[in-house]
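Enquirer: Sharing a structure here in structure tokens format.
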Amino acid sequence: MALIRRFEEEAGRQYQRAKAGGFLHLAIGEEATIVGTASVMRDEDYLIGTYRTHGHAIARGTDPSRVMSELFGRVDGTSGGRGGSMHIFDRERRFMGGYGIVGGNLPIAVGLALSSEYKGEDAVTVCMFGDGASNTGNFGETMNLAALWQLPVFFLVENNLYGMGTSVERHSAQTDLSKKAEGYGIPGTRIDGMDVIAVREGVAEGIRQAREERRPTILEAFTYRYRGHSAADPEVYREREEVEEWQRKDPIEAFARRCVEAGVLGEREVQQVRESADEQVKAAVEAADASPEPALDSLYENLYVVDERSGWYAVDERSPEPHRGEDEEHMPDAARELAEAGAAYAGQPDERPRPNPAVDGDAQEGVEPEVAGEVGERAINEDAEAGDSAERFWERER
Ligand SMILES: Cc1ncc(C[n+]2csc(CCOP(=O)(O)OP(=O)(O)O)c2C)c(N)n1
Ligand SMILES: [Mg+2]
């Protein structure tokens, strides 16, 4: 936590000196939520976050020099200097970004969890996002598939009370964000996100349920960013007193005090932690400064552009003529083939009659997921035995 705090203070300074470009969103004050979460993850687990994720990468073990180099736009950065602050990424440590689109990471988290399931891996995906992101359409789509497919994914809402300058009460109809996915069958709980141990315990349980029971859950962690939304925020939406009140709950100070009082650390050791953080951050700035900018002739690498006539293609990796699926207008056979394949895959409509929950009650209520299928099947079979056709069943229900 101390290292992340020092890193971000320095990142803010380097941004003011125009060493770091683009946008800069600092999570100063939110360290307990970040570190508490990462501390109970296994190496093989995936973590995915938003655009406020310098600390998340560092907590996963990414070298701070590589994160600072990314802010500086240098070749030794985590994305070769091309992503900047909002797009930190470290595949080796399974830190999957870093996204500028609010809520954009949510469906990707479900994709990661699906890949683990598909490959028979034991990994859990931990998806962290803000209170504001819970209002995006992606939220509902993500929760639906996570619950429906019983994926090994765990959601953590970093509720810092604001989405930019809009408070939760003004941006969300349901202000208890832990309840926001209940309708999809994803239960939630709330914890003090300023207490690193509380976060650790809450996340450990959520990860356990995801890993062992394939049961996605949400944890809402209350936290606070001491700085503005981004480096350019006049902060007219909140009172100084509110910031000061949360500063009194500083997660680093509180944890240091707790360790000293419990006799786990001495004052001197706490000081050593801070000094070590300071040294690591100084080294990170030096390394970033020494790292070269990307070569000019690499300007078009990994860059995709859209051409109005021929669709998407990569400048450097593909030949400029249209490829399969890019220019249907001039490739009618390919388009038809794809449409026919899709239709064949969808198969025939299921004509079996279904129970009507409004009349028969919810067959799945209070029943474990494995058993629920059987109950549903039985209800269907009973109807089928009575000689009901699908049409007659629905006619009667209407
Ligand atoms: C889809 C989309 N809409 C709007 C924005 C602009 N925007 C950037 S950050 C932000 C607030 C998000 O708040 P929250 O999810 O609570 O995260 P926090 O910044 O508090 O960590 C908004 C609206 C965006 N980047 N993407
Ligand atoms: Mg927020």
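Just so you know, all these numbers are worked out from the coordinates, no wet-lab data involved. Because the structure is a prediction, the values reported are computed rather than measured. All Cβ positions, glycine included, derive from the backbone under ideal geometry; neighbour counts span all protein chains shown.
Enquirer: Using a cut-off of 23 Å between alpha-carbon atoms, which lysines can reach LYS282, once sequence neighbours fewer than 8 places away in the same chain are excluded?
Expert: Counting by Cα, and skipping residues close in sequence, LYS282 has these lysines nearby: LYS19.
Enquirer: Run the simple label-point estimate for ILE101 and THR189 please: 7 Å along Cα→C-beta, distance reported in nm.
Expert: That separation, rounded to one decimal, is 3.3 nm.
Enquirer: Turning to a different aspect of this structure: Rounded to the nearest angstrom and ordered from largest down, what semi-axes does the equivalent ellipsoid of the range 17-102 get from its C-alpha gyration tensor (root of 5λ)?
Expert: On the way: eigenvalues 80, 39, 24 Å².
Taking √(5λ) for each eigenvalue gives 20, 14, 11 Å, largest first.
Enquirer: Sort 195-202, 63-70 for me by packing, meaning the mean count of neighbouring Cβ atoms within 10 Å per residue, highest on top. Could you put the intermediate results ahead of the total?
Expert: On the way: 195-202: 19.6, 63-70: 24.5.
My ranking of the peptides, most packed first, is 63-70, 195-202.
Enquirer: Counting other beta carbons within 10 Å of each residue's own, what order do LYS180, LYS19 fall into, fewest first? Don't skip to the end; give the middle numbers.
Expert: Details: LYS180 24, LYS19 16.
So the residues, fewest neighbours to most, are LYS19, LYS180.
Enquirer: In addition: Can you list the lysines whose alpha carbon is less than 29 Å from that of LYS179, not counting same-chain residues fewer than 8 positions off?
Expert: Correct list for LYS179: LYS249.
Enquirer: Let's see if you can work this out: charge +1 on each Lys and Arg Cβ, -1 on each Asp and Glu Cβ, no other charges. What is the dipole magnitude of the range 207-285 about its Cα centre, in debye to the nearest 20?
Expert: Numbers: 15 positive and 18 negative charges, 88 e Å.
Result for the range 207-285 is approximately 420 debye, rounded to the nearest 20.
Enquirer: If you average the sequence gap of Cα pairs under 8 Å that are 6 or more apart and divide by the length of the range 31-160, what percent do you get for the contact order?
Expert: On the way: 242 pairs, mean separation 32.5, N = 130.
Relative contact order comes out at 25 percent.
Enquirer: Please compute the length gained on full extension between GLN16 and TRP149, using 0.36 nm multiplied by the number of residues separating them and subtracting their Cα-Cα distance. Write down the numbers at each step before the final one.
Expert: Values: separation 133, 0.36 × 133 = 47.88 nm, distance 4.62 nm.
Extending this stretch completely gives an extra 43.3 nm.
Enquirer: Also, quick follow-up: Note the full-extension length gain between SER167 and GLU44 as 0.36 nm times their separation in residues minus their Cα-Cα distance, in nm to one decimal.
Expert: On the way: separation 123, 0.36 × 123 = 44.28 nm, distance 3.57 nm.
Between SER167 and GLU44, full extension yields 40.7 nm more.
Enquirer: Work out from phi, with θ = phi - 60° and the Karplus expression 6.51 cos²θ - 1.76 cosθ + 1.60, the ³J(HN,Hα) of each residue of the range 99-115, listed in order in whole Hz, and give x for Gly and Pro.
Expert: For the range 99-115, the Karplus-derived couplings read 9, x, 8, 4, x, x, 7, 5, x, 5, 4, 5, x, 5, 5, 5, 5 Hz, x marking Gly and Pro.
Enquirer: For ARG208 and GLU241 in the same chain, what is the full-extension length gain: residue separation times 0.36 nm, less their Cα-Cα distance, in nm? Don't skip to the end; give the middle numbers.
Expert: Working: separation 33, 0.36 × 33 = 11.88 nm, distance 3.87 nm.
Gain on stretching ARG208 to GLU241: 8.0 nm.
Enquirer: While we're on this one: Between GLU301 and ALA344, what FRET efficiency follows from the Cβ-Cβ distance if R0 is 51 Å, with the result rounded to 0.05?
Expert: Values: r = 39 Å, r/R0 = 0.76.
E(calc), rounded to 0.05, equals 0.85.
Enquirer: Classify the range 150-300 as rounded, prolate or oblate, taking a ≥ b ≥ c as the square roots of the eigenvalues of its Cα gyration tensor: rounded when a/c is under 1.5, otherwise prolate if a/b is larger than b/c and oblate if not. Provide the component values of the computation, followed by the final result.
Expert: On the way: a/c = 1.39, a/b = 1.24, b/c = 1.13.
Because its axes are fairly even, with a/c under 1.5, the range 150-300 counts as rounded.
Enquirer: Karplus couplings for the range 241-246 from phi (6.51 cos²θ - 1.76 cosθ + 1.60, θ = phi - 60°), rounded to Hz, Gly and Pro as x?
Expert: Karplus-based 3J(HN,Hα) across the range 241-246 equals 4, 5, 4, 5, 4, 6 Hz.
Enquirer: Within a 10 angstrom radius of the beta carbon, how do HIS54, HIS25, HIS171, HIS229 rank from fewest other beta carbons to most?
Expert: Values: HIS54 29, HIS25 21, HIS171 15, HIS229 18.
Ranking HIS54, HIS25, HIS171, HIS229 by Cβ neighbours within 10 Å, fewest first, gives HIS171, HIS229, HIS25, HIS54.
Enquirer: Also, quick follow-up: Just order 28-39, 260-271, 245-256, 127-138 by mean Cβ neighbour count inside 10 Å, highest at the front, would you?
Expert: On the way: 28-39: 25.5, 260-271: 11.2, 245-256: 17.4, 127-138: 22.2.
Ranking, from highest mean packing down: 28-39, 127-138, 245-256, 260-271.
Enquirer: Take the alpha-carbon positions of the range 190-261, form their convex hull, and give its projected area averaged over all directions (one quarter of the hull surface) in nm².
Expert: Numbers: hull surface 27.0 nm².
In nm², the orientation-averaged hull projection of the range 190-261 is 6.7.
Enquirer: Which shape class, rounded, prolate or oblate, goes with the range 157-198 when its Cα gyration tensor gives a ≥ b ≥ c as root eigenvalues, a/c under 1.5 marks rounded, and past that a/b bigger than b/c marks prolate? Provide the component values of the computation, followed by the final result.
Expert: Details: a/c = 2.87, a/b = 1.02, b/c = 2.80.
Judged from the Cα gyration tensor, the range 157-198 comes out oblate (a/c at least 1.5, b/c at or above a/b).
Enquirer: May I pose another question? Taking Cα pairs under 8 Å and at least six residues apart, what relative contact order does the range 175-263 come out at, in percent? Spell out each step's value before the answer.
Expert: Values: 77 pairs, mean separation 24.9, N = 89.
After rounding, I find 28 percent.
Enquirer: In which sequence would TYR224, TYR300 go, from the one with the fewest C-beta neighbours within 10 Å to the one with the most?
Expert: TYR300, TYR224
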